[in-house]
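Enquirer: Just passing along the structure, written as structure tokens.
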Ligand SMILES: Nc1ncnc2c1ncn2[C@@H]1O[C@H](COP(=O)(O)OS(=O)(=O)O)[C@@H](OP(=O)(O)O)[C@H]1O
């Protein structure tokens, strides 16, 4: 195992161990009206991020929690680092994680750098838009994304647990979860779907055909990959392959991250009333929009 990866796993394990020592009330803080987990984010870093300079040849991965961040990250790390015979840096790649000194280390890295974030569009450093950093944005159908986050809250120590799914559902619908409302994020990105420096891809598209998804990302980044390279990246990014290696690659985080990796698990938790409530929320947020159509809500979110 590569030394940088070992350090990354140690860092992730430290986060989990620290979280276990904190009382539930100490696990979250609010910054500019949005909740974040205290074990990974700090107000100082969120503040310092505002002035972060991203370059045109950096690559940004944007994904709301539980929409496939780590899946797309695996693919992009190969494209940005492995293909250039570099290993990904040891720090956790989420730009909002850590303290300002981590941000300083990131500033020292040469571009292209892979910048990863769950942040709402409005809180992403402005330089990313000004300098036209390419952004790969990954979304997932909101019912499965909610279920995935519910299990993560209850199985990982970094978030307070919920005693019931119903309680979590209410918080999710009203945006009282870390990184804010998923629907707000979707509404904002819908306005940028056709920006030349934005590629929006869905979890479900990757599930449907991972090779096509990898190819699409490579083309967007302007990487002339061979069919064998595309196939290799896709093979290493399957759920089974990533889960099988997760102890080595993600430490304790991997044990809760690679849960089901499926479409449709929402059917095991949503009541008919909750399903209808989310259908209405999706319709009022994205009904009749291009992003709404791309997400194929009726295919993935109707029983
Ligand atoms: N390779 C691959 N293929 C398919 N699905 C995958 C893959 N890797 C991760 N996953 C699933 O993605 C969900 C976690 O999403 P994130 O990586 O965004 O989580 S996080 O917010 O960054 O913690 C989580 O979904 P659920 O299984 O539904 O909980 C993971 O299992």
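Enquirer: Looking at region 92-100, can you tell me whether even one residue there is surrounded by fewer than 21 Cβ atoms within 10 Å (Cβ to Cβ), touching a helix residue (DSSP H, G or I) at 6+ places or on another chain (Cβ under 8 Å) and over 15 Å from residue 52 (Cβ atoms)?
Expert: yes
Enquirer: Given (1) surrounded by fewer than 17 Cβ atoms within 10 Å (Cβ to Cβ); (2) over 16 Å from residue 156 (Cα atoms); (3) in contact with a helix residue (DSSP H, G or I) (Cβ under 9 Å, 6 or more places away or on another chain), identify the lone condition not met by residue 42.
Expert: (1)
Enquirer: Is there any pair with a first residue in region 196-213 that is over 14 Å from residue 138 (Cβ atoms) and a second that is part of a helix (DSSP H, G or I) and within 13 Å of the ligand (Cβ to nearest atom) whose Cβ atoms are under 8 Å apart and which are 6 or more apart or on different chains, and what are they?
Expert: 211/234; 212/205
Enquirer: Oh, and also: Restricting to region 210-267, name every residue that is outside any helix (DSSP H, G or I) and near the ligand (Cβ under 9 Å from one of its atoms).
Expert: 237, 238, 258, 259, 260, 261, 262, 263
Enquirer: Among the residues of region 277-303, what is the count of those that are assigned to a helix (DSSP H, G or I) and closer than 14 Å to residue 266 by Cα? Spell out how you get there, then give the answer.
Expert: Here is the first cut: in region 277-303, the ones assigned to a helix (DSSP H, G or I) are 277-286, 290-294, 297-300.
Now narrow it down to the ones that are closer than 14 Å to residue 266 by Cα: 277-279, 297-300.
Selection size over region 277-303: 7.
Enquirer: From (1) in a loop (DSSP other than H, G, I, E, B); (2) in contact (Cβ under 8 Å) with a residue 60 or more places away in the chain, pick out the condition that doesn't hold for residue 111.
Expert: (2)
Enquirer: Output the residue which, of all residues in region 178-209 that are touching a helix residue (DSSP H, G or I) at 6+ places or on another chain (Cβ under 7 Å) and farther than 17 Å from residue 118 by Cβ, is nearest to the ligand (Cβ to nearest atom).
Expert: Residue satisfying both the conditions and the ranking: 206.
Residue-by-condition table, conditions (1) closer than 20 Å to residue 149 by Cβ; (2) surrounded by fewer than 17 Cβ atoms within 10 Å (Cβ to Cβ); (3) in contact with a strand residue (DSSP E or B) (Cβ under 8 Å, 6 or more places away or on another chain):
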residue	(1), (2), (3)
209	no, yes, no
213	no, no, yes
238	no, yes, no
244	no, yes, no
277	yes, yes, no
285	yes, no, no
295	yes, no, yes
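Enquirer: I would also like to ask the following. So, of the residues in region 157-177 that are closer than 19 Å to residue 22 by Cα and surrounded by 19 or more Cβ atoms within 10 Å (Cβ to Cβ), which turns out to be farthest from the ligand (Cβ to nearest atom)?
Expert: First, the residues of region 157-177 that are closer than 19 Å to residue 22 by Cα: 157-163, 177.
Now narrow it down to the ones that are surrounded by 19 or more Cβ atoms within 10 Å (Cβ to Cβ): 157-159, 177.
Numbers: 157: 13, 158: 9, 159: 10, 177: 11 Å.
Filtering region 157-177 for residues that are closer than 19 Å to residue 22 by Cα and surrounded by 19 or more Cβ atoms within 10 Å (Cβ to Cβ), the one farthest from the ligand (Cβ to nearest atom) comes out as 157.
No value in this document is a laboratory result; all are computed from the given coordinates. Just so it is clear, the model here is predicted, and its values are computed rather than measured. Don't worry about glycine lacking a Cβ; one is built from the backbone with ideal geometry, like all the others, and counts go over all protein chains shown.
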